[in-house]
Amino acid sequence: MHNKANMKITFIGGGNMATALIAGLAGQLAAGADIHVVDPNAAQLARLAAEYGVTTAHTIGAQALACDVIVLAVKPQQMRDVAAALQPLLQQQLAGAGPVPPLLLSIAAGIRGADLARWMKGYGAIVRSMPNMPALIGQGITGMVAMEGVSAAQKAAADQIMLAVGATVWLDDEALIDPVTAVSGSGPAYVFYFIEAMQQAAQELGLSAEQGKQLALATFTGAAQLAARSPDDVAVLRERVTSKGGTTYAALTSMEQSGVKQAIVAAIKAASARGRELGEQMGAGD
């Protein structure tokens, strides 16, 4: 659809995730001047303009729609207001003989595509995505689903945008966004929780806080990289570290007896169920 550095992109919201995306996109997929950011925070807009050469505005106007893709990067509770501001402008564009109206790429957690389309009076060119926190350092993974009104070219454009901050996984069914949210969206917190536990154990065993932190972080980073690069399944890698009757065996036997794996699986299922509930709550009403 687009060659390097000629896509026009508007961001509604200029927070952390939008900033990470702009950092990955500016000068690569879109020239800085072809990125437009709408946000009420004047200081944040000034920073983005100075660093990436983007154009900015405090409110959604016609300039926001002069693009190929609008990235909806606001908090979920702000999405209805954004939809209300965008909808009449989109309808004007649909009624005219101008360019194809833009794709809406939502990175707001919990807002279902059908609800967003309803708030937009049936507008169907919507991709819903669920990025995660490591996107802030270009190491994210984003679950994505395209609504029926999205063309192949628009889907490719959405993919290119989210690839600026990591990998992408496309889903055939929007209901799978809740499991994605539970596994990778919330997942960094599980990793941090496990690292916290390793650090606490290190200190209780007599190592310093700094030593515990260094050992836990390097172990987690190294093991994850090894798993990512190895052709073997993680279960095989785990078995290789575990000698019968050795130290690792003692630790894993203790975890099995405590039901650690079952507890993690149950926790992720609870997160998925909560995601579904939140989607229903946020989409309730007209």
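The values are calculated or read from the model by the stated rules, or taken from the named source; none is laboratory data. Worth saying up front: this structure is predicted, and the values here are computed from it rather than measured. Counting neighbours? That spans all protein chains shown, and the Cβs are built from the backbone with ideal geometry, glycine included. Please note that ligands, DNA and RNA were not included when accessible areas were found on the heavy atoms of the full protein model with its side chains. Shrake-Rupley method; radii C 1.70, N 1.55, O 1.52, S 1.80 Å.
Summary table below
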{"item": "All positions within the range 83-138 that are charged (D, E, K, R) and assigned to a strand (DSSP E or B)", "result": "R128"}
{"item": "Candidate set from the range 260-285 (those that are open to solvent by less than 50 Å² (accessible area, probe 1.4 Å) and touching a Gly at 6+ places or on another chain (Cβ under 7 Å)); member that is nearest to Y190 (Cα to Cα)", "result": "G275"}
{"item": "Set I35, I12: member being open to solvent by less than 60 Å² (accessible area, probe 1.4 Å) and within 16 Å of A164 (Cα to Cα)", "result": "I35"}
{"item": "Some residue of the range 66-82 being open to solvent by less than 10 Å² (accessible area, probe 1.4 Å) and in contact with a Pro (Cβ under 7 Å, 6 or more places away or on another chain)", "result": "yes"}
{"item": "Test set (1) at positive phi; (2) open to solvent by 40 Å² or more (accessible area, probe 1.4 Å) - L163 fails condition number", "result": "(1)"}
{"item": "Scan of the range 38-65 for residues that are in a loop (DSSP other than H, G, I, E, B) and open to solvent by 20 Å² or more (accessible area, probe 1.4 Å), ordered by number", "result": "D39, P40, N41, G53, H58, T59, I60, G61"}
{"item": "The lone exception for F192 - which of (1) more than 30 Å from E277 (Cβ to Cβ); (2) open to solvent by 60 Å² or more (accessible area, probe 1.4 Å) it fails", "result": "(1)"}
{"item": "Filter pass, A97 being of a type in the set (G, A, S) and modelled with pLDDT of 85 or more", "result": "no"}
{"item": "Leading residue by the ranking (nearest to the chain's Cα centre (by Cα)) among those in the range 83-100 that are crowded, with 19+ Cβ neighbours inside 10 Å and farther than 19 Å from L21 by Cβ", "result": "A83"}
{"item": "Candidate set: the range 109-126, residues that are closer than 12 Å to E280 by Cα and among the charged types (D, E, K, R); chosen: the one most open to solvent (accessible area, probe 1.4 Å)", "result": "R112"}
